[in-house]
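First comes the structure, then the notes that go with it.
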Amino acid sequence: MILIENVYKRYATEHGAGRWVLRGIDMVIPPRQSVALIGRNGAGKSTLLRIIGGIDFATKGRVERRCKVSWPMGNGGLEGTLTGRQNAKFVCRVHGHQDELADRLAFIQDFAELGNSFDAPVRTYSSGMRSRLQFALSLAFNFDVYISDEVTSAGDAKFRKKAADAFKSMASQASVIMVSHDEATLKQFCQSGIWINDGQAHWFDDLDEALKAYKDNLLV
């Protein structure tokens, strides 16, 4: 279960405090419920996803995670001066997998398909290489809820299929909270929807109803 309590978010600009991206969001995401975040570009979908995943913070309000929640898959912090292997070691140790370090590193290296670049500084990586490493890192750990922001869109066609297959296998054993511009992908993985509009979030038990509310609003 994830509790979102009176969450507000805005970002500072060179002119001072910016507009409120999120305004007073209150909701409970039930356990074992896969949810799509839906809204126009700039509505705050990715912002809310990052706050749920703990890599961004609310300006006001709080999020309580009563389960193990991943960072956003295919995103998240990597230290550019460290190699891919060193970044992977650090993440493994943070998550308490020192005893399984060799197996975890082998999985990450194999899945990311970085070749010799696994031992090169991450700052030398292309955006696609970074996404492959970040995706492999996410898959290397077991979470109750996986956070996904266009996760299967990184890399070439072969890697996208590999990522989609892996994500599908993972989602059969856990729940997901997902942002995607592909409606078919949302319907494949999610049952419920959160429609974000004008900084506020509206919960729908049925994903089709959330999609209808979003599409009807586009016509206004």
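The values are calculated or read from the model by the stated rules, or taken from the named source; none is laboratory data. Keep in mind that what you see is a predicted model, and the values were worked out from it rather than measured. Here the Cβ is made from the backbone with ideal geometry for all residues, glycine too, and neighbour counts use every protein chain on show.
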Do you know which of the residues in region 45-61 that are modelled with pLDDT of 95 or more and among the small types (Gly, Ala, Ser) is farthest from residue 167 (Cα to Cα)?
61
Please find, within region 54-107, the residue that is nearest to residue 120 (Cα to Cα) out of those that are exposed (fewer than 14 other Cβ atoms within 10 Å of the Cβ) and touching a residue at least 60 places away in the same chain (Cβ under 8 Å).
68
For residue 50, the lone unmet condition from (1) surrounded by 14 or more Cβ atoms within 10 Å (Cβ to Cβ); (2) touching a Leu at 6+ places or on another chain (Cβ under 9 Å); (3) of a type in the set (D, E, K, R) is (2)
Among the residues listed as 5, 64, the single one being in contact with a Gly (Cβ under 7 Å, 6 or more places away or on another chain), at pLDDT 95 or above and among the charged types (D, E, K, R)
5
Could you figure out which of (1) hydroxyl-bearing (Ser, Thr, Tyr); (2) free of Cβ contacts under 8 Å to residues at least 12 places away in the same chain; (3) within 25 Å of residue 80 (Cβ to Cβ) isn't true of residue 172?
(3)
Of the residues 43, 36, 58, which single one is assigned by TED's automatic domain parsing to the domain that holds residue 195 and part of a strand (DSSP E or B)?
36
Residue tally, condition out of contact with any strand residue (DSSP E or B) (no Cβ under 8 Å at 6 or more places or on another chain) and either on the phi > 0 side of the Ramachandran plot or aromatic (Phe, Trp, Tyr) (or both), over region 63-116
7
If you check 151, 145, 94, which single one turns out to be among the aliphatic types (A, V, I, L, M) and modelled with pLDDT of 85 or more?
145
Could you tell me whether region 8-18 includes any residue that is buried (at least 20 other Cβ atoms within 10 Å of the Cβ), modelled with pLDDT of 95 or more and either of a type in the set (Val, Ile, Thr) or not assigned by TED's automatic domain parsing to the domain that holds residue 149 (or both)?
no
Name the single residue that is nearest to the chain's Cα centre (by Cα) among those in region 85-101 being farther than 18 Å from residue 111 by Cα and of a type in the set (D, E, K, R).
93
